[in-house]
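Asker: Could you have a look at this structure, given as structure tokens, before my questions?
Only the coordinates and a few stated rules stand behind these numbers; no lab work does. The structure presented is a predicted model; accordingly, all values stated were derived computationally and were not measured. Glycine gets a Cβ as well: all are built from the backbone with ideal geometry, and neighbour counts include every protein chain shown.
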Amino acid sequence: MMSIIIPAYNEEENIEMTASVISGIMEENKIPCEILFVDDGSKDRTWELIEKLAGTNPFVRGLKFSRNFGKEGAIFAGLKHCRGDCAAVIDCDLQHPPQLMVQMYGLWQQGYKVVEAVKASRGKESFLYKFFAKSFYGLMEGSSNIKIKGGSDYKLMDRQVIDALNELPERITFYRALSSWVGFKTAQLEFDVAPRNAGTTKWNFKKLFKFALANLTSFTNAPLHFITVMGIISFIAAVVLGIFQIVLACRGVPQNGILPVILLVDSVIMIGLGIIGYYMSKIYEEIKGRPRYLVCMDTLDKKGAAK
Ligand code: UDP
Ligand code: MG
């Protein structure tokens, strides 16, 4: 059975349509499924509609948050409560073409553990939004070794991957990157982002900026090392300037020598901070408590111990 997890925040205009389109596609392709709506503390009639659907449609289940906790929380709640052998996460506004799930399911049946839908085109987005998205992915990929460019939250995962994600103890999660961090045999499918079915986007600049910052800091320690690099640059500048001034002083040009001293003191402070930062990054890594490895297959039992 396949679970379809749909985070929904103020989506009263979309719930019924999305449920009927998806269950239509699943029935047509004879894919046994459950549709799990996670209402992320909506203020409109979203929950009322989910409850109504759950009453009439045996495939629909729902979960409601006490307030708006954000899409990440909704996705992870869905992963925790889904009952399928695999689960797909899809937006409620039909921007992720639901038809693609049939192909994703097929690939899963062929043995892929993660099937990612990657954006071939980003759909209608403002220039600024595209610019920030590009810089964010550039920074993320440059400073961690996770490839998430063109990534979306539209993914299908095997039960093994869902369990691995559910077992991660960290609280600040970034589903899109974590689902690639866990590894496993992965396939990719391209899709074009469709326009929103109804309603408006539930994100704003402030929310996105906070989201980007939280994700960058949970996947890379690069900002912590920045200060060390600045310290080293400052130190080199102090030495060069110092030598320069000494040479000039020897030739009889009067020098006051204060700048190299300031630079030297600064560089010592910055390098010191960098060292503290380095230890902090280690503490941070430990605190996240991610498993050191994940096993996807083994033949341990088959061989058996020699008796
Ligand atoms: N969403 C959510 N909680 C939020 C914001 C969004 O669960 O705080 C859901 C929303 O209902 C939708 C999905 O996340 O199903 C994607 O949101 P949206 O379409 O607004 O984002 P965009 O497509 O503009 O990136
Ligand atoms: Mg959308």
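Asker: GNM on the chain, C-alpha springs below 10 Å: top fluctuator among H96, H81, H225?
Answerer: Taking springs between Cα atoms under 10 Å, the residue moving most is H225.
Asker: Looking only at the chain, where both bridge partners belong to it, what percent of the DSSP beta bridges are antiparallel (to the nearest 5)?
Answerer: Within the chain, antiparallel bridges account for around 25 percent of the total.
Asker: Here's another thing I want to ask about it. Of the options N10, M280, T299, report the single residue whose Cα projects farthest towards the positive end of the charge dipole of the chain (beta-carbon charges: Lys, Arg +1; Asp, Glu -1).
Answerer: The Cα lying farthest towards the positive end belongs to M280.
Asker: Between R83 and V261, what is 0.36 nm times their sequence separation minus the Cα-Cα distance? Round to one decimal in nm.
Answerer: Working it through step by step, the gained length comes to 57.5 nm.
Asker: Now for a separate question. Using a Förster radius of 25 Å, what is the FRET efficiency between E285 and F132 based on their Cβ-Cβ separation? Nearest 0.05, please.
Answerer: Calculated value: 0.40.
Asker: What is the distance in Å between the Cα centres of segment 162-191 and segment 240-307?
Answerer: 29
Asker: Here is a follow-up. Ranked from highest to lowest mean number of other Cβ atoms within 10 Å per residue, what is the order of the peptides 265-273, 156-164?
Answerer: The most tightly packed comes first, giving 156-164, 265-273.
Asker: Then there is this: Over the chain, what is the mean sequence separation of C-alpha contacts under 8 Å (at least six apart), divided by residue count, expressed as relative contact order in percent?
Answerer: So the answer I get is 18 percent.
Asker: May I ask you to derive the FRET efficiency for Y278 and V102 from their Cβ-Cβ distance with R0 = 45 Å, giving the value to the nearest 0.05?
Answerer: E between Y278 and V102, to the nearest 0.05, is 0.40.
Asker: Just to be sure I understand: with springs between alpha-carbon atoms less than 10 Å apart, which residue in I232, I262, I75 has the highest mean-square fluctuation in the Gaussian network model of the chain?
Answerer: I262
Asker: Set the bar at 20 Å for Cα to Cα. Now go through K71/K155; K113/K202; K130/K206; K130/K207 and name every pair that lies beyond it.
Answerer: Where the Cα-Cα span goes over 20 Å, the pairs concerned are K113/K202.
Asker: Nothing charged except the Cβ atoms of Lys and Arg (+1) and of Asp and Glu (-1): what's the magnitude of the dipole of segment 166-297 about its Cα centre? Round to the nearest 20 debye.
Answerer: Value, rounded to 20: 380 debye.
Asker: Moving on to the next point. Please give the contour-minus-distance gain from R171 to N29: 0.36 nm per residue of separation, less the Cα-Cα distance, rounded to one decimal in nm.
Answerer: Extending this stretch completely gives an extra 47.4 nm.
Asker: Follow-up question, since we're still on this one. Compute the relative contact order of segment 39-125 as a whole-number percentage, counting only Cα pairs closer than 8 Å that sit 6 or more residues apart in sequence.
Answerer: Contact order relative to length: 21 percent.
Asker: Place a point 7 Å from Cα of K52 in the direction of its Cβ. Which residues in segment 1-24 have their backbone N less than 14 Å from it?
Answerer: Only 11-20 fall inside the zone, counting backbone N under 14 Å.
Asker: Obtain the nm distance between the two label points defined at C296 and I233 by a simple spin-label model: each point lies 7 Å from its Cα along the Cα-to-C-beta direction.
Answerer: My value for the distance between the label points is 4.0 nm.
Asker: Right, something else. Taking Cα centroids, how far is segment 80-121 from segment 221-239 in Å?
Answerer: Their Cα centres are 44 Å away from one another.
Asker: Report, in order of residue number, the helices in the chain meeting two criteria: a C-alpha extent of 20 Å or more along the helix axis, and a mean Kyte-Doolittle hydropathy of at least -1.0; treat each whole DSSP H run as one helix.
Answerer: Once both thresholds are applied, what remains is 127-143, 205-219, 222-250, 258-288.
Asker: Which of the peptides 58-70, 238-250 is most tightly packed, and how do the rest follow, going by the mean number of other Cβ atoms within 10 Å of each residue?
Answerer: The most tightly packed comes first, giving 58-70, 238-250.
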